[in-house]
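Here's the structure, in C-alpha cells; my notes come after.
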Amino acid sequence: MLFKNRKFGAILFALILPLFFMTGCSSNSQQSNSNKITLNFFNQKPEISTQYQKLAKIYTKKHPNVSIQITTSGQGGGAAALQAKFASGEAPDIIMLGGLPEIDRYKDHLVSLKSLPATKTILPSLLSGGISNERLVGLPVDLEAYGWSYNKAIFNKAGINAANIHNYTDFVKAVKKLDAQKEKLGLSGVFGFNGADTNSIASVSAQFTSQAYDNDQVKAFNSTSFPWKYGSQMHAYYNLIRNYSVQPILSVKYDPSVQDLFYNGKVAMIPQGNWIIPTLDGIEKGFVQKNLGMIPFFVKNDGSDRLLTGSSWYLGVTNDHPKREKAAKDFVNWMFTSREAENVIINEMRFVPATKNFDVSRLPDDLSKEIYRIGASKNARAPIHKQYPNGFSTQVLGPYIQRYFVRDISWDQLEKVITTKYRQLREIQSGE
C-alpha cells in the first residue's frame, strides 16, 4: 500500500513539475512584457511621416523595451483629430502642436521640458513659441523661413539680379520687368499665389503683423487686437499679388502652385517657405541648389528687412500616462541631440535644424545654410501667425482677403471686420 502511494506521489510530482516551470516562465514573461513601453506619437505633418517612422525604428533598435506608434493626421484635420484623441481618453504621449493657441489648449496635459539636455541646444529665437504660463512645454520641430521664393533661371533670363533688390520700390520694378517679358519668358503670371488656401493668406499677413508685435510670439498671443501698424504695406502687397498673379487667383491651390507653376517655370515667384524644398528636389534632384532663391517682404522698408524665421510646429510630452513619461522625454531628447537623428533630419527630412548642435555644413543646399545663418543670428525675427486665435486664419482673415482679391469687399471694410472678429475670438478663447 505504501509502495502504491509512493508510486502515485511520484507520478503526481512528475505531472506538476512542468506546470511549475511553465508558471514560472509565464511569470517571467509577464514581468518582461510589463517592462515593455509603447509610446504614442501624434504627428501633424504628413509629408514627414515616413521619416518619423525611420527615426522611431532607429531609436527602438537601441531601446528594445520601447516601441513607438506614430499616428499622422494633417492637411487641416490634425487639430480636430488630436482633440478627438483626448476626448476619447486616448491622449498620445508625444504631440505635435501648431502655435501657442494649441499649446494653451493642452497646457494642463503638458510637462515641462526645461530639464532636458536638448533644451540647451535650441536656437534662442525659437524658444518663446513653446512657452505656456512661463513653462517651456514645447520644442521646435525645425527652422522655417518665409518670403518670396523665386526662380533664379527666370530672373537671370529677365536680366534681374535679386541681390540688387533692397526695398519695396526695387521689388515692384522687378515685378513689372518680369510682367513686361511674360511672353518671352513663357510665364502665365509673375506670381503663382495659391489663393485657394487660407493658410497661405495668413502666412503672408504674418509678414506685417509679426513686426508690429516686435516678433514676440507670447506678446502676440496675449494681444486682443489685430495690429495694423504696417497695414499700408500689407495692403500694397495684396494689391500686387492680386494684379500680377495667375488668374483666377482663387482657383490656384497649394500643390499645383509649387509642383506645376513654379517648378515648370510658368511663374517667377511664389510666397512660400523652405518647406517646399523636399518637394522640388523630389521632382528633380539638385533643382533647389540650382534654381531656388528667397527674397524677404519689405515691411519696414528701411534696409533692415530680412526673411522671417521661426517654427510652425512644436513637440510636447503629456502627463496622461506617467509610466511612459520618462521614455517619451528620452525619445524627444534623442531626436534633438543624436547623430543618427541628425542624419535623418538634415538629409531626408531636408529640415533646417532648430538646434545649435547639428552640423549645418551638411545641409545639401546653400539656401538652407543661409536660412540657418539668419535664424541663428541675434537679429532673427520670428513670424507670429500661428499665435492668431483659433479659427481666425481659416474663418476670418483668409475668406475676407479672398473676397478682397475678387473685389467683393473694400480694404476699409476688410480692416473693420478683421479688427472686430479678431477681438471677439481672442476674448472668447481667453475666457475674458
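The values are calculated or read from the model by the stated rules, or taken from the named source; none is laboratory data. Since the structure is predicted, the reported quantities are computational estimates derived from the model, not experimental observations. Here the Cβ positions follow ideal geometry from the backbone for every residue, glycine too, while neighbour counts run over all protein chains shown. For accessibility, only protein heavy atoms count, side chains too; no ligands or nucleic acids. Shrake-Rupley method; radii C 1.70, N 1.55, O 1.52, S 1.80 Å.
The slack between ASP260 and GLU325, meaning 0.36 nm per residue of separation minus the straight C-alpha distance, is 19.0 nm. Remark: region 222-353 is approximated by an ellipsoid whose semi-axes, taken from the C-alpha gyration tensor as √(5λ), come to 34, 24, 15 Å, largest first.
Kirkwood radius for the chain, taken over all pairs of different Cα atoms as the inverse mean of 1/r, rounds to 23.8 Å.
Farthest toward the positive end of the dipole of the chain, out of PRO248, GLN387, ALA118, is the Cα of ALA118, where the dipole comes from beta carbon charges about the Cα centre. Close amide H partners of VAL66, meaning residues 5 or more places away or on another chain with modelled amide H under 5 Å apart, are ILE37. Phi-derived couplings, Karplus 6.51 cos²θ - 1.76 cosθ + 1.60 at θ = phi - 60°, listed residue by residue for region 133-139: 6, 6, 10, 7, 10, x, 10 Hz, with x used for Gly and Pro.
Using only the Cα atoms of region 62-151, build the gyration tensor, take square roots of its eigenvalues as a ≥ b ≥ c, and label the shape rounded, prolate or oblate: rounded if a/c is under 1.5, else prolate if a/b is larger than b/c, else oblate. It comes out rounded by the Cα gyration axes. Projecting the Cα atoms of VAL406, SER88, ALA163 onto the charge dipole of the chain, computed from C-beta unit charges around the Cα centre, puts SER88 farthest toward the positive end. Within region 171-288, the percentage of alpha carbon pairs spaced more than 25 angstrom apart rounds to 32%. If you wrap region 114-180 in the convex hull of its Cα atoms and look at it from every side, the mean projected area works out to 7.1 nm².
Size of region 72-114: Rg and Dmax of its alpha carbons, in Å, are 10.4, 30. Shape call for region 240-318 from the C-alpha gyration tensor, a ≥ b ≥ c root eigenvalues: rounded (a/c under 1.5), prolate (a/b greater than b/c) or oblate? Rounded, since a/c falls under 1.5.
Note that region 37-52 has calculated 3J(HN,Hα) couplings of 10, 10, 8, 9, 10, 9, 10, 10, 10, x, 5, 10, 5, 4, 5, 5 Hz, one per residue in order, obtained from phi through the Karplus relation 6.51 cos²θ - 1.76 cosθ + 1.60 (θ = phi - 60°); glycine and proline are x. With both labels modelled 7 Å from their Cα along Cα-to-Cβ, the HIS63 to ALA153 distance reads 4.5 nm.
Note on region 297-346: the C-alpha convex hull projects to 5.9 nm² when averaged across all orientations.
Taking a ≥ b ≥ c as the square roots of the eigenvalues of the Cα gyration tensor of region 295-432, is the shape rounded (a/c under 1.5), prolate (a/b larger than b/c) or oblate? Note, shape of region 295-432 comes out oblate.
Length gained on full extension, THR50 to SER377: 114.6 nm, using 0.36 nm per residue less the C-alpha separation.
Taking all protein chains together, ARG105, ARG362 sort by accessible area into ARG105, ARG362, largest first [probe 1.4 Å]. Largest GNM mean-square fluctuation among SER73, SER88, SER112, using the chain with Cα springs under 10 Å: SER88. Under a 5 Å amide H cut-off, with hydrogens placed 1.01 Å from N, LYS45 pairs with SER73 among residues at least 5 apart or on other chains.
Straight-line cross-link reach from LYS326 at under 20 Å between alpha-carbon atoms covers these lysines, not counting any fewer than eight positions away in the same chain: LYS36, LYS57, LYS61, LYS62, LYS107, LYS114, LYS120.
Using the Karplus relation 6.51 cos²θ - 1.76 cosθ + 1.60 with θ = phi - 60°, the per-residue 3J(HN,Hα) values for region 236-247 come to 4, 5, 5, 5, 4, 4, 4, 7, 10, 9, 4, 10 Hz, with x marking Gly and Pro.
Of the solvent-accessible surface of region 291-432, computed with a 1.4 Å probe over protein heavy atoms with every protein chain present, carbon and sulfur atoms account for 44 percent. Highest GNM mean-square fluctuation among GLY265, GLY130, GLY282, for the chain modelled with Cα contacts below 10 Å: GLY282. Each eigenvalue of the Cα gyration tensor of region 220-281, multiplied by 5 and square-rooted, gives one semi-axis; in descending order these are 27, 17, 10 Å. Computed over region 356-432, the P(r) tail beyond 19 angstrom holds 58 percent of alpha carbon pairs. The charge dipole of the chain, taken about its Cα centre with unit charges on the Cβ of Lys, Arg, Asp and Glu (plus for the first two, minus for the last two), comes to roughly 1000 debye. The residues of region 157-310 present an accessible area of 39 Å² per residue when probed at 1.4 Å with all protein chains retained. Among the GluC sites (Glu not before Pro) in region 331-403, those placed in a DSSP loop whose Cβ has at most 16 other Cβ atoms within 10 Å are GLU348. Of the trypsin sites (Lys or Arg not before Pro) found in region 368-417, those that fall in a DSSP loop while having at most 12 other beta-carbon atoms within 10 Å are LYS378, ARG407.
Amide hydrogen proximity for LEU143: with H placed 1.01 Å from N in the peptide plane, the residues at 5 or more positions away or on another chain lying under 5 Å are VAL352, ALA354. Computed extension gain for GLU415 through SER88, at 0.36 nm per residue and net of the alpha carbon distance, reaches 113.7 nm.
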